[in-house]
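Below is one structure; the comments refer to it alone.
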Amino acid sequence: MTKSKIYKILGVLILLSLIGGGIFYWQLPNRHKAIVKSFLFEKLGIVNPNWKVENKQEVYKMISPEFYIDGIYKSMEGPKSSNYVQLSQDSTILWLTGFHVKALDAKTLKLASKDFICHTNVDFNDVNYYSAFHLEKRIGTQYPRLTSLSHGMEDFSFPEGYGVPMKGNELLYVTTESLNHNLPNANLWIRHEVDINYSKAKHLKPLMSRTAFIMLPYDKFDPYKQPIDPGTNQCIPVETKNHSYDDGKGNMRSGHWVVPTGKYTYRSEINQQLQIQDSLRLHAAAIHVHPFATQISLYDKTTRKNIFSSKIVNHSKNIGLTSIEPFSSAEGIWLYKNHEYEIVLEVNNTTTTPQDMMGSMFLFFYDKELDNILQKN
């Protein structure tokens, strides 16, 4: 076989590979396209994957790598990046007191629209964290996410005098993700600045986090069947691979579902998520919902009263969340083991097409057991 023939065969194979790769890429969902592009940008040297970090005056400040916004990215679809956080080099107890995120122009670092902010998740290593306080029985009882900021709630702080304690040399894992609901022809680069406030004070009251979220049943044999019988309380999941859960009885539930046009109310029992052994005093709550949610409440079914309600303001002219009302109380509100609790979410999809939805709360309770341990040290 001649060299020219070999080169022709190689050329054809390369061309077919490029065509096949292009077809495969365009069939990927947005979130996977973003992953592929981010990987290529990093490997080609277009994007520096390193974070800019500054830690002083009890504020840990990080600026993410560049995110390329080139089209619509709905919730959990946009380019993202993760970074480990270590507040100090020793095991002195520090207190986490607040979390903040904002979008920046990638070149000038000037403030950009918060509509480019999707999630900023703050995770911890529950094995290391609980072992440090001799609370091994808590390991694995909940997903180790401390809290999450998201579109509409880009700032969250605990009431004065409260915080989440941790040893300074323990690691947090922060992931921040971009968003774009309204600019289909976007061609821009942004970054996220993430700030974590902490205190070196010695007499704060400790909080523990419990995550609660709406889970709605769906037909695992035909999950996308429409229409849904309203009497079944079922939903149509966005997908069945992520945010899909087994209730322990073989029934499937989704925490990420589709909302038709119009007004709807969704509710979900959360006692199993709260894991109340006797009673707990609630002091703060960070909320995560998607556009077109209008109110979310923590509801006591036993007393038939809201523990609190968070009002949600949507943009008036385009898709997005202007604000989500947080819950914060130094006095606190008691929740009890023998009461039944649920999350109630009100939605008004004002568009002509179905929209995706979630309803989550990061609830912070006074941690009496940990307080007793800290006072002995």
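The values are calculated or read from the model by the stated rules, or taken from the named source; none is laboratory data. These figures come from a predicted structure and were not determined experimentally. In this analysis, Cβ positions are derived from the backbone assuming ideal geometry, glycine residues included, and neighbour counts consider all displayed protein chains. The area values use the complete protein model at the heavy-atom level, side chains included, leaving out ligands, DNA and RNA. Shrake-Rupley method; radii C 1.70, N 1.55, O 1.52, S 1.80 Å.
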* Give me the angle, in degrees from 0 to 90, between the Cα long axis of helix 30-43 and the longest principal axis of the Cα atoms of the chain, rounded to the nearest 10. => 70 degrees
* Contour excess over end-to-end distance, with Cα ends at THR265 and GLN142 and 0.36 nm allotted per residue -> 41.6 nm
* **Sequence-distant lysines (8 or more away, or on other chains) whose Cα lies within less than 20 Å of LYS110** => LYS52, LYS61, LYS80, LYS102
* To do: Taking only Cα atoms and a 10 Å spring cutoff, compute GNM fluctuations for the chain and point out the largest among VAL289, VAL258, VAL122.
  => VAL258
* Apply 1/(1 + (r/R0)^6) to the Cβ-Cβ distance of LYS114 and GLU58, taking R0 = 30 Å, and write down the FRET efficiency to the nearest 0.05. => 0.80
* **Residue with peak Gaussian network fluctuation, the chain [Cα springs, cutoff 10 Å], from LEU87, LEU280, LEU188** => LEU188
* Structure fact -> For segment 266-283, Karplus-derived ³J(HN,Hα) couplings (6.51, -1.76, 1.60; θ = phi - 60°; whole Hz; x for glycine and proline) come out as 10, 9, 8, 5, 10, 4, 5, 6, 6, 6, 6, 7, 9, 7, 9, 10, 7, 10
* Rounded FRET efficiency, nearest 0.05, which uses the C-beta distance separating ASN187 from LYS368 and R0 of 56 Å -> 0.60
* Structure fact -> Bridge orientation stat for the chain from DSSP, antiparallel percent rounded to 5, came to 100 percent
* Could you state the angle between the C-alpha long axis of helix 3-26 and the longest principal axis of the C-alpha atoms of the chain, as a value from 0 to 90 degrees rounded to the nearest 10? => 30 degrees
* To do: Mind checking the per residue accessible area of the chain for me, 1.4 Å probe, whole number of Å²?
  => 52 Å²
* Structure fact -> The answer for the net charge of residues other than GLU269 whose Cβ lies under 13 angstrom from its Cβ, with Lys and Arg +1 and Asp and Glu -1, is -1
* Any idea what the dipole of the chain comes to, in debye rounded to 20, about its Cα centre with Lys/Arg Cβ at +1 and Asp/Glu Cβ at -1? -> 860 debye
* To do: First select every other residue whose beta carbon is under 9 angstrom from the beta carbon of LYS102; then total the charges, Lys and Arg +1, Asp and Glu -1.
  => -3
* **Paramagnetic reach from GLU340 (point 7 Å along Cα→Cβ, amide N under 17 Å) across segment 247-271** => 266-271
* Structure fact -> The set of residues whose placed amide H lies less than 5 Å from the amide H of GLY163, leaving out same-chain residues fewer than 5 positions away, is LYS205, LEU207
* Asked: For ASP246 and ILE276, what does the FRET efficiency come to when R0 = 22 Å and r is the distance between their Cβ atoms, rounded to the nearest 0.05?
  -> 0.45
* Taking Cα atoms of segment 119-240, Rg/Rh with Kirkwood Rh, to two decimals? -> 1.07
* Structure fact -> At the level of C-alpha centres, the distance separating segment 218-245 and segment 306-377, in angstrom, is 24 Å
* Structure fact -> Which of LYS249, LYS241, LYS263 fluctuates most in a GNM of the chain (C-alpha springs under 10 Å)? That residue is LYS249
* Structure fact -> So ALA132 and SER199, fully extended at 0.36 nm per residue minus their Cα-Cα distance, gain in nm 22.2 nm
* Structure fact -> Spelling it out for PHE308: with amide H atoms placed in the peptide plane at 1.01 Å from N, the residues 5 or more places away or on another chain with amide H under 5 Å from its amide H are LEU298
* To do: Write down, largest first, the equivalent ellipsoid semi-axes of segment 221-377 in whole Å, where each equals the square root of 5 times an eigenvalue of the alpha-carbon gyration tensor.
  => 31, 20, 14
